[in-house]
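A quick write-up on the structure given underneath.
The values are calculated or read from the model by the stated rules, or taken from the named source; none is laboratory data. In this text, all values refer to a predicted model and were calculated from it rather than measured experimentally. Quick reminder, even Gly has a Cβ in these numbers, built from the backbone with ideal geometry, and neighbours come from all protein chains shown. These area figures cover heavy atoms from the full protein model, side chains too; ligands, DNA and RNA do not enter into them. Shrake-Rupley method; radii C 1.70, N 1.55, O 1.52, S 1.80 Å.
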Amino acid sequence: MREPLKSLAGIDAFRDLAAKDLQQLECLSKLIEVQRGQFLFRQGELADALYLVVSGRFEVMRDDELDPVAEIGAGLPIGEIAFFTGGARTANIIAERDSVVLKLDRVEFDVLARASPRIWTSVTSTLARRLAETTASRGKAPIRPRPKTFCLLSAGSAPVSPEFLHRLRTVFERHVNVLFLDATEFEKNKSTAPDDTRWLNEVESRYDAVIFVADHTVSAWSQKAIRQADLVLCIGQPTDGATPAGHQVTALEQYAATLHKSGRLRLVLLHARAGGFSGARHWLDLRPWCVMHHHVVLAQNADYERLFRFLTDSACGLVACGGGAFSIAHIGFFQAFREAGIVFDMMGGTSGGAAMAAAFAIDADPDEIERRAHDIFVTRKALSRWTLPRYSLLDPTVLDDAFREHFTSVDIADLPIPYFAISTNLSRNSVHCHRSGPLWQAVRASCTIPALLPPMYSEDGDLLVDGGLLENVPIKSMHALKSGPNIVIDFQVPVLERFEGAAGTAPSRRQLIMGSLTSRGRSQLPRGPSPQMVLLRSLMLHSHNVRTEIGTEDVLLEPLMPAGISHLDWHKHDELRRFGYDFARREISRLKLTSVTALP
């Protein structure tokens, strides 16, 4: 005899039914278990049954869309509109974890409806309300619930470190009500529930987070833990040296990868000491499903706090925009953020913003960053070296040497915090997000102003130029990598000075060459913006409306850059830094009064 269920009374259409009608409906229905990844039904199938989620979670997917339309949790009905109207299924319903549903077939429902016609009155009013809600929400992005269940499993040959488990448990217990379960604890604590799935789902309802620790093998418990998890963390321990041993993919990881989408698996690399990480790409190349990865120094509590924020969708990101010399203002922003105690868990940017974010990611001091900018653009004049226009208008040699020196060839994948740079892939007409490879090359690709500098090349030989062409403020790229709050900087460009009377007066090649030979000749040349100015300003103005892409937890800062300073005034770095610092301090003071998530 099955356990009593509140069940059908939770469906709007049945809420006002008499107790005897509900009891009869429940007697006619049956319980079904659905494993993670299985289809409850598919789009286009005849709606011949009504379902109620007893425990677990399902996602709603349409054939013509890549992302889920919605998620359906415990206590909610599935497919009632198509069922009551007698139509076909309008979407696929897929179990996101092991789930239990109550199924009511149409034949049984029709028998009861004939005996109790008042059921249709309730059904009609419910359909009208649900259709109105569907129409109102059309076009809005679904809100995904934050991860609540996590599975920890070993990546590579070494088992999960006991010290890591202890410290991670300590951090979780400091912030939320959490339960850790391994195979032994599971057997010891589970009650006399009719099945493991419902017991685990019931346990989840009593905790803010549940963390399953898988066995080192593909045991029944490991499989169950993986199927129950919203996120799977593959825990690896690199050895010293560029080619770590024991990093091969295990059968347990492969099992997890067959059930979870790439965004639901993450690689966590444990280190005995801070600094000098290497070899992360060896792990990532074998695990293409791990879109995000994290470095954790075993004895460093700040790393566990950062990992906790990522796992609970509360990690704070910094999104830095492009803007030529205006990008120097990011230094002042970052200085003000640091003084206010704002900790960034991830950083990314485009063009000059990519360079600034890279400097922040390698933990350079604001004063040191400004000195490096002065060295590159003022002392070495890296963007003022004209050449024969065979590959570009400017000679990139000095710029490349400076970037190689100041950003080094450290692999992006080995940086202590996640970082990305955005460039434009001209070969594929798409955004290119740099998540690995030498840091200086990623920054150089992101800053490659078309025609002024020769393009960089991807590993596949694609042409890469300035990311500002497609995503000058890379908020979409940040959202694709992580959820949670971000501070987004978008420079507002001052009005360009007018060049009255300059139209149609561009000199010929001979006039330009002859006029440039003497100071008097140069003074008589018509006024007009340089190619660098036109290209840089065009890159910034091409950006789309960032406000339409800002998330509910994001903070958008839009400083109007000071008049009298142009995109090429690198020598005014001190003034630009002070401007960014003063603006950021005012904004931080204002935003703290509004309890913004991203601010401490």
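Tabulated results
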read-out: Degrees between helix 573-592 axis and first principal axis of the chain (Cα, 0 to 90, nearest 10); value: 30 degrees
read-out: Nearest 10 degrees, 0 to 90: helix 19-28 Cα axis against the chain principal axis; value: 80 degrees
read-out: Cβ-placed point charges (K, R +1; D, E -1), dipole of the stretch 35-117 about Cα centre in debye, nearest 20; value: 240 debye
read-out: Vicinal HN-Hα couplings computed from phi for the stretch 57-63 (Karplus, 6.51 cos²θ - 1.76 cosθ + 1.60; Hz; Gly/Pro x); value: 7, 10, 10, 9, 10, 9, 4
read-out: Order by protection proxy (mean Cβ within 10 Å, highest first), peptides 211-222, 95-106; value: 95-106, 211-222
read-out: Positive-end extreme of charge dipole, the chain - chosen from Gln524, Gly461, Ile376 (charges on Cβ); value: Gln524
read-out: Cβ-placed point charges (K, R +1; D, E -1), dipole of the chain about Cα centre in debye, nearest 20; value: 1200 debye
read-out: Distant-in-sequence amide H partners of Phe212 (H built 1.01 Å from N, under 5 Å); value: Phe150, Cys151, Leu152, Leu181
read-out: Residues whose placed amide H lies under 5 Å from that of Gly279, excluding near-sequence neighbours; value: none
read-out: Accessible surface of Ile362 - all protein chains present, 1.4 Å probe, nearest 10 Å²; value: 60 Å²
read-out: For Thr90, residues with placed amide H under 5 Å, excluding near neighbours; value: Gly44
read-out: Antiparallel bridge percentage (DSSP; both residues within the chain; nearest 5); value: 45 percent
read-out: Sulfur and carbon atoms: percent of accessible area, the chain [1.4 Å]; value: 53 percent
read-out: Ordering of 457-464, 224-231, 413-420 by burial proxy (mean other Cβ atoms within 10 Å per residue, highest first); value: 224-231, 413-420, 457-464
read-out: Lys, Arg +1 and Asp, Glu -1 on Cβ, resulting dipole of the stretch 383-496 about Cα centre, debye, nearest 20; value: 220 debye
read-out: 48 Å tail of the calculated P(r), the chain, as % of Cα pairs; value: 26 percent
read-out: Backbone HN-Hα couplings from phi across the stretch 447-452 [Karplus 6.51/-1.76/1.60, Hz, Gly and Pro as x]; value: 9, 7, 5, x, 6, 5
read-out: 1.4 Å probe accessible area per residue over the chain, in Å²; value: 46 Å²
read-out: Degrees separating the helix 352-361 axis from the principal Cα axis of the chain, which is the longest one; value: 70 degrees
read-out: For the chain, with +1 on Lys and Arg beta carbons and -1 on Asp and Glu, the positive-most of Phe579, Gly551, Val534 along the dipole; value: Val534
read-out: Stretch gain in nm, segment Asp582-Glu187, where the contour uses 0.36 nm per residue and the Cα spacing is subtracted; value: 136.3 nm
read-out: Selection from Ser278, Gln441, Leu512 lying farthest towards where the dipole of the chain points positive, charges on Cβ; value: Leu512
read-out: Cα gyration tensor shape of the stretch 194-303, rounded if a/c is under 1.5, else prolate or oblate by comparing a/b with b/c; value: prolate
read-out: Label-reachable residues, the stretch 322-345, where backbone N falls under 20 Å from a point 7 Å from Arg590's Cα toward its Cβ; value: 329-342
read-out: Table column - 3J(HN,Hα) (Hz), the stretch 327-341, Karplus curve with 6.51, -1.76, 1.60, x for Gly and Pro; value: 4, 4, 4, 4, 4, x, 4, 5, 4, 5, 4, 5, 5, 7, x
read-out: Highest to lowest packing among 37-47, 331-341, 346-356, scored as the average C-beta count within 10 Å; value: 346-356, 331-341, 37-47
